[in-house]
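The values are calculated or read from the model by the stated rules, or taken from the named source; none is laboratory data. Source: prediction; values computed, not measured. Heads up, the Cβs are rebuilt from the backbone with ideal geometry, glycines too, and the neighbour counts pull from every protein chain shown. Ligands, DNA and RNA are stripped out before the accessible areas are found, and what is left, the full protein with its side chains, is counted by its heavy atoms. Shrake-Rupley method; radii C 1.70, N 1.55, O 1.52, S 1.80 Å.
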Amino acid sequence: MRFLLVEDNLSLAAAILDRLRLDGHVVDHAENISVAEEFVVTADYDLILLDIMLPDGDGRTFLKTQRDHLSETPVIVLTARSEVSDRVGVLDLGADDYLTKPFDFAELEARCRAVLRRRGGRPSNQKRIGALNFDPLSGVLEVAGVDVPLRNKELRLLEIFLAAPDQIFSKARLVDRLFSYDEEVSENAIEVYVARLRKKITGSGVEIQTVRGLGYRMRTQ
């Protein structure tokens, strides 16, 4: 998944970034609203983690602007405010969840998973197609009942394809989903990861097709 973290406390932001990246997520960090607005214009995010008190304004203004523009990207608000009225206020503005500082990182991860499941209309994490069964929570891939180990980028690439079967993804879009802005990578790297993933799902009845001039898509055979 690709996340945007909007947080001006650099020590807290660093801890959150380390935790989420350790889980394999791509995470961009904005220290203020202005930078966050630039990020959301240039990239598609699966989830936004949003602080309220920011150097150049109130995070609730950013949240309201996103919802006014009909953005459906899930938002979890992170704030030190614990009053009921504050929680009700951000939820009414369109936040999907609310976490009061200080919080446990395991709870943050669990709330991220829960919000993404709700937005995806899935009661559980399991994703099945053909003889392929994937649990993004544990990162376990089974092909015809046999566990298949995945490296980090292979796992995230599989998640992207499984989230939108039959949809064509260009190399540029896959680079955008797999890597953060501070990572330098060429589109040729995508060919390597796709080739590796193809080998891993052999025998599943599912294939990653190359659509000449356009990109890749996952389809059942």
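Computed quantities for the displayed model
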quantity: Per residue value of the accessible surface for the chain (all protein chains in place, 1.4 Å probe), Å²; calculated: 50 Å²
quantity: Nearest 10 degrees, 0 to 90: helix 105-120 Cα axis against the chain principal axis; calculated: 70 degrees
quantity: Principal-axis tilt of helix 59-68 within the chain, Cα atoms, nearest 10 degrees; calculated: 60 degrees
quantity: Per principal axis, descending, Cα span of segment 72-163 in whole Å; calculated: 51, 24, 20
quantity: Sorted peptide list for 187-198, 99-110, criterion being average Cβ within 10 angstrom, highest first; calculated: 187-198, 99-110
quantity: Segment 165-221: proportion of alpha-carbon pairs further apart than 14 angstrom, %; calculated: 56 percent
quantity: Area accessible to solvent at F179, 1.4 Å probe radius, in Å²; calculated: 20 Å²
quantity: Sites T220 and R151 - FRET efficiency at Förster radius 22 Å, r taken between beta-carbons, to 0.05; calculated: 0.35
quantity: Label-to-label distance, nm, for residues given as R81 and V140 (7 Å Cα→Cβ offset); calculated: 4.3 nm
quantity: Beta bridges by DSSP in the chain, antiparallel share as percent, to the nearest 5; calculated: 55 percent
quantity: Computed [θ] at 222 nm, helices only, for the chain once each DSSP H run of length n ≥ 4 contributes -39500 (n - 2.57); calculated: -13000 deg cm²/dmol
quantity: Between 0 and 90°, nearest 10: helix 33-42 axis offset from the chain longest Cα axis; calculated: 20 degrees
quantity: Packing rank of 27-35, 111-119, where each peptide gets the mean count of other beta carbons within 10 Å, highest leading; calculated: 27-35, 111-119
quantity: ³J(HN,Hα), Karplus 6.51/-1.76/1.60, whole Hz, each residue of segment 6-15, x for Gly, Pro; calculated: 10, 7, 8, 7, 5, 5, 5, 4, 4, 5
quantity: Overall Cα dimensions of the chain, principal axis frame, Å, largest first; calculated: 54, 33, 32
quantity: Integer Hz, Karplus 6.51/-1.76/1.60 couplings in order for segment 149-154, x for Gly and Pro; calculated: x, 10, 7, 3, 5, 4
quantity: Cross-link partners of K199 among lysines (Cα-Cα below 20 Å; sequence separation of 8 or more within a chain); calculated: K127, K153, K171
quantity: Accessible-area composition of the chain, carbon plus sulfur, in percent [1.4 Å probe]; calculated: 50 percent
